[in-house]
C-alpha cells in the first residue's frame, strides 16, 4: 500500500494503497487466502479462510550489492525493500515526496537509472524516483484482475487447487514455467496463471 504525501491525493484506490477511510483500510489490509484440502474436490471441501496481515504476506528481504544493481539494463523488475519507502518527483532528496509506499515486497518496474536513483513504475502505472538503496532485485508479484486467483499444486491447471488469493495479495515470485508462475505468500506457495500476476514475465 502507499500513502499520498501531504498536499495532494488521488481518488482512485488500489488494493495496496492506503486510504484514510476506515472501511477501506480494513478491506485493503486484510488480504485473504482460502485454503483447500489437498485430497478433496474443491467444490465439496470444507474451506479454511485465512486472513493475512500485511506483515504475513511480505516478501523476504535479501541483501543486494549496490554495484551489481547499478550495472543492470533497464527496464527490469525490482521490489520495495522496506516497510516504508518514499517516492519523489525527482532524483534527489531535495525533491518533494509524492508517495510513501507501505508495502514491503511490492513489485515495481525500473524504467530509468540516474546515479543512485531509479525511476520506477508501480502496479497502478504511477511513476516516480526511488533511491536504489530502497529497492531489492528480489522478484515480487501482485495478484491483479477480477475475482480470486487459483494457486495450484503444480504448473498445471488440472493439478490440485491449494489456495485462492484475492487481487492485491503480494508474494515472492519463485519461478515461471510457460504461462504459470510459482509464488510464495507468507509460506503458502502455489502456481498461478501468469496473466493474473503483475511483476512476472518480461518488464
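Every read-out reported here was derived from the displayed coordinates using simple, explicitly stated rules and does not represent laboratory data. Being a predicted model, the structure only gives us computed values, none of them experimental. Ideal geometry is used to build each Cβ from the backbone, glycine not excepted, and the neighbour counts take in all protein chains shown.
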> When 132, 79 are ordered from fewest to most other Cβ atoms inside 10 Å of their Cβ, what list results?
Replying inline: 132, 79
> Contour minus end-to-end for residue 174 and residue 92, with contour as 0.36 nm per residue of separation and end-to-end as the Cα-Cα distance?
Replying inline: 26.3 nm
>> For a quick check: sort 184, 122 by the number of other beta carbons within 10 angstrom, fewest at the front.
In response: 184, 122
> Where does each of 103, 88 land when they are ranked from fewest to most other beta-carbon atoms within 10 angstrom?
Replying inline: 88, 103
> For labels at residue 114 and residue 76 in the simple 7 Å Cα→Cβ model, what's the distance in nm?
Replying inline: 2.0 nm
>> Sequence gap at least 6, Cα distance under 8 Å: using those rules, report the relative contact order of the stretch 66-139 to the nearest whole percent.
In response: 37 percent
